[in-house]
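Asker: Supplied in structure tokens, the structure appears directly below.
The values are calculated or read from the model by the stated rules, or taken from the named source; none is laboratory data. Keep in mind the model is a prediction, meaning the values are calculated, not measured. Every residue, glycine among them, receives a Cβ derived from its backbone with ideal geometry; neighbour counts consider all protein chains shown. Heads up: the accessible areas ignore ligands, DNA and RNA and are worked out on the full protein's heavy atoms, side chains in. Shrake-Rupley method; radii C 1.70, N 1.55, O 1.52, S 1.80 Å.
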Amino acid sequence: MASQGPEQNAKPSQPPDCPGDRILAPRPPTSKARRRWQLVAVGLAAVLAAAAWYASLRRSTGSATGTTLDGPAPAIAAQPAALRIGLLNIHGCVGRDGRYDPQRVARSMNDLDIVGLNEVRGWSCWQRSNQAAVLGGLAGTGWLFAPAEQRWFCQQFGNGLLTTVPIDRWQRIPLPNQFAKSCRNMLLVQTRYRNRTVHILLTHLIRSDEPLRRQQFEQASALFLSLDEPALLAGDLNADGSDPQIKELLRTPGVIDALGSLRRSDQNRGVDWLLLRGLQPMEAGVRDDGASDHPLVWAAVTLPGKNDPTTTAAEQERGMASTKRKRLQ
């Protein structure tokens, strides 16, 4: 038998391996269980992203009313000759030096009967007490926090009040705002002074949106003018004495600028105001010790015809003794 040649013994040649074949090769099918878990993971990620977006939005806290304060209840004291009322935008208790120091803030206003607070930070996941509570605890006063906005599921920002005199009623009133923008409100409190109900309206208007600030100013000034006398408007209005709305309000019969009437300054005098109706300023001043980026403005006010100098010292001494207020050194 004839032997086979080399050509007959050779195996059929195979085509070279092509990378494209591997790409086009069908992949093994993904199991249904794996696809379900993938869908669950995608859905969960979408839900978490939506929740984070929703939590990041600034939303108004709305309105509220009450008749009690937080912290120690102020004692019913002998009426002083004058109510010493102050206003301080505390800037979150951060001073001009960038240092966070609530005790320095409390110390700057510890001789006042009622202090309105702006830019008060609320409780959060890492800070369980709002700053009105912190300051009230340091000063030994009654306190009230009036949050204007909530974010990250926390009441984060608003106004506050410290007081050594009893409060009969308080009301939190939201101001106009834009969706997801900084929210603002008003805090209206009623106290008794010489057998008269005194209305104190505290507010802080927006700065970044001028049309919205004017709208908020209109609502705040309208409420202030509608209150029965005696009444006081205390607020960071983010407008100085050159502002047309401020000028118009000051031209209203019976409206007194507590600081301007005694310090003879109504132009470029700052944005923090104490405006009176049915009250007479006896003293007024500005303290700027660097505890905040704003100065503290204050005024000693009384009812017209009630500033008898012969009774001032005795009544003030009795009032301070009966409140037993803690003094900060």
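Asker: Given labels modelled 7 Å from the Cα in the Cβ direction, how far is it in nm from residue 226 to residue 107?
Answerer: Placing both labels 7 Å along Cα→Cβ, they lie 4.4 nm apart.
Asker: Here's another thing I want to ask about it. Under a 5 Å amide H to amide H cut-off, with H placed in plane at 1.01 Å, what residues pair with residue 270 once short-range neighbours are removed?
Answerer: Result for residue 270 returns 241.
Asker: Quote to one decimal, in nm, the extra length available between residue 97 and residue 243 on full extension: 0.36 nm per residue of separation minus the C-alpha distance between them.
Answerer: Working: separation 146, 0.36 × 146 = 52.56 nm, distance 2.95 nm.
Contour length minus Cα-Cα distance gives 49.6 nm.
Asker: Heavy atoms only, probe 1.4 angstrom, no DNA, RNA or ligands counted: give me 199, 91 ranked by accessible area, highest first.
Answerer: These residues rank, largest area first, as 91, 199.
Asker: As a test, work out the antiparallel percent of DSSP beta bridges whose residues both lie in segment 116-247, rounded to the nearest 5.
Answerer: Details: 28 of 34 bridges.
Within segment 116-247, antiparallel bridges account for around 80 percent of the total.
Asker: Hey, if we sort 165, 120 by accessible area with the 1.4 Å probe, largest down, what's the order? Don't jump to the answer; show the numbers that get you there.
Answerer: Details: 165 25, 120 0 Å².
Largest accessible area first, the residues go 165, 120.
Asker: Over the heavy atoms of residue 197, what accessible area does a 1.4 Å probe trace out, to the nearest 10 Å²?
Answerer: Approximately 40 Å² for this residue.
Asker: Separate question: Between residue 209 and residue 251, what length comes free when the chain is fully extended (0.36 nm per residue of separation minus the Cα-Cα distance, one decimal in nm)?
Answerer: Working: separation 42, 0.36 × 42 = 15.12 nm, distance 2.52 nm.
Once the chain is fully extended between residue 209 and residue 251, it gains 12.6 nm.
Asker: Same structure again: Please list 123, 143 in order of solvent-accessible area, largest first, computed with a 1.4 Å probe with all protein chains present. Don't skip to the answer; put the middle values down first.
Answerer: Values: 123 80, 143 40 Å².
Ranked from most to least accessible, the order is 123, 143.
Asker: Still on this structure, please answer the following. In nm, what is the difference between 0.36 nm times the number of residues separating residue 47 and residue 218 and their Cα-Cα distance? List each step's numbers first, then the result.
Answerer: Working: separation 171, 0.36 × 171 = 61.56 nm, distance 4.08 nm.
Here the segment from residue 47 to residue 218 would lengthen by 57.5 nm.
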